[in-house]
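Chemist: Below is a structure I'd like to ask you about.
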Amino acid sequence: MLTFLVRRLMLAVPVLLGVVFVVMLTVELIPGDAVALMLGEHATPEAVAKLRDYLGLDKPMAVRYVEYVGRVARGDLGRSIQQNRPVVDELGDVWPATLELTVAALVIAAVVGVVAGLVSAVWPTSLFDAVARIGSLFGLSMPVFWTGLVLIVVFAFWLSWFPVGGTGSVAHLVLPAVTLALPSVAMVARMTRSSVLDVLREDYVRTARAKGVAERLVVSKHALRNAAIPILTLLGLQAGQLMGGAVLTETVFAWPGLGRLIVKAIFARDYVLVQGAVLVFAVAFVLINLAVDLAYGALDPRVSRQG
């Protein structure tokens, strides 16, 4: 298992280096002068030259890349242009809120999605299965920002059950977490249904039933356990997508997280802050995939031996 972990960590290094390169290249390809865009159209040539020198944009991109990677390795992501604070501090202030929202949405997606998919697989022609499949279609089709606005109108304005936005209590978390989780609930339910149905058609499941094993044990011990790897894969991917999708959800619900900070930084043309935030997202996604790989090894030891 240790060798498996080391190999996965080594594979993560080029991914993060590639993310840094792509982000820097994106800033490089911005039409016009990126520094002039940051400072606005009324900036003096002296101010533009000073900021360009501060950001190192007067150096070749290869040199800036190596220098930035060196700073990142020391934990230095630069300073925010607008706030004049270290980017690490800016991200540290909002990261817990995004993590809270992402974890809540992932728990909802995992619990509701797996349960709905499992029930649909056990009774594939039932009314519940039909309703769940139609609900999954709606969940995948509705944009997150539209779903959020509908939930605000219904549950905040009409029923007054939950606050419109902001933070402070569990009630503030419910609407944004449900909004963020709905597409993932649909995907996890469909994947669970499909995977469990495939396993239930296997010969060893028929044999277990023929031996008189209780249906509860057949479903939990044989079907769900053997269908867990594709479900786990999807949950790992969804965790990263939920973190990225929080950009829209946090904006709709005024949730003070990393996604909302990125939107503000983009409008403020604070590309140093945007670059650091994207890198943090990439690191989080890599760590999530690493955790999924380790879970593979726990579910099936053959995976770690092959890795």
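Chemist: Going by the structure shown, is Arg201 in the same structural domain as Ala246 (by TED's automatic domain parsing) and surrounded by fewer than 12 Cβ atoms within 10 Å (Cβ to Cβ)?
Modeler: yes
Chemist: Does any residue in region 284-307 that is under 16 Å from Gly244 (Cβ atoms) and in the same structural domain as Leu258 (by TED's automatic domain parsing) come within less than 9 Å, Cβ to Cβ, of a residue that is among the charged types (D, E, K, R) and modelled with pLDDT under 80 six or more places away or on a different chain, and which pairs are these?
Modeler: Asn289/Arg8
Chemist: Which of the residues spanning region 234-263 are among the polar types (S, T, N, Q) and either modelled with pLDDT of 80 or more or outside any helix (DSSP H, G or I) (or both)?
Modeler: Gln238, Thr249, Thr251
Chemist: Name, by its number, the condition in (1) at pLDDT 75 or above; (2) closer than 30 Å to Thr102 by Cα that does not hold for Leu200.
Modeler: So Leu200 meets the others, but not (2).
This table checks each residue for (1) in contact (Cβ under 8 Å) with a residue 12 or more places away in the chain; (2) of a type in the set (Ser, Thr, Tyr).
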site: Arg190; (1), (2): yes, no
site: Tyr204; (1), (2): yes, yes
site: Thr207; (1), (2): no, yes
site: Arg216; (1), (2): no, no
site: Ala223; (1), (2): yes, no
site: Ala227; (1), (2): yes, no
site: Pro230; (1), (2): yes, no
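Chemist: Another question about this same structure. Could you list, in sequence order, all residues of region 78-107 that are hydroxyl-bearing (Ser, Thr, Tyr) and within 13 Å of the chain's Cα centre (by Cα)?
Modeler: Matches in region 78-107: Thr98, Thr102.
Chemist: Scan (1) under 18 Å from the mean Cα position of the chain (by Cα); (2) over 20 Å from Gly244 (Cα atoms); (3) at pLDDT below 85 for the single condition Phe145 breaks and write down its number.
Modeler: Exception for Phe145: condition (2).
Table: residues versus (1) of a type in the set (A, V, I, L, M); (2) modelled with pLDDT under 80; (3) outside the structural domain of Val272 (by TED's automatic domain parsing); (4) in contact with a helix residue (DSSP H, G or I) (Cβ under 8 Å, 6 or more places away or on another chain).
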position	(1), (2), (3), (4)
Leu11	yes, yes, yes, no
Ala36	yes, yes, yes, yes
Ala43	yes, yes, yes, yes
Pro60	no, no, yes, no
Ile81	yes, yes, yes, yes
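Chemist: Right, something else. What tally of residues in region 143-160 results from selecting those that are in a helix (DSSP H, G or I) and of a type outside the set (A, V, I, L, M, F, W, C)?
Modeler: Selection size over region 143-160: 2.
Chemist: From the list Gly92, Gly70, Gly117, exactly one residue is more than 27 Å from Gly18 (Cβ to Cβ), at pLDDT 85 or above and not hydrophobic (A, V, I, L, M, F, W, C). Which is it?
Modeler: The unique qualifying residue is Gly117.
Chemist: Assess whether Ala121 counts as being surrounded by fewer than 18 Cβ atoms within 10 Å (Cβ to Cβ), among the aliphatic types (A, V, I, L, M) and under 30 Å from Ala189 (Cα atoms).
Modeler: Spelling it out, it is not the case that Ala121 is surrounded by fewer than 18 Cβ atoms within 10 Å (Cβ to Cβ), among the aliphatic types (A, V, I, L, M) and under 30 Å from Ala189 (Cα atoms).
Chemist: Just checking, which of Val115, Val154 is β-branched (Val, Ile, Thr) and either surrounded by 21 or more Cβ atoms within 10 Å (Cβ to Cβ) or under 23 Å from Arg225 (Cβ atoms) (or both)?
Modeler: Criteria check complete, one pass: Val115.
Chemist: For region 154-173, does any single residue satisfy the condition of being of a type in the set (Phe, Trp, Tyr) and within 24 Å of Ala277 (Cα to Cα)?
Modeler: There is no residue in region 154-173 that is of a type in the set (Phe, Trp, Tyr) and within 24 Å of Ala277 (Cα to Cα).
Chemist: Let me ask something else. If the Cβ limit is 8 Å and pairs must be 6+ apart or interchain, which residue in region 1-21 that is closer than 15 Å to Ala73 by Cβ and among the small types (Gly, Ala, Ser) pairs with which residue that is loosely packed, with under 10 Cβ neighbours inside 10 Å and at pLDDT 75 or above?
Modeler: Pairs found: none.
The values are calculated or read from the model by the stated rules, or taken from the named source; none is laboratory data. Keep in mind that this is a model prediction, so the values were computed, not measured. We place every Cβ from the backbone using ideal geometry, glycine too, and count neighbours over all the protein chains shown.
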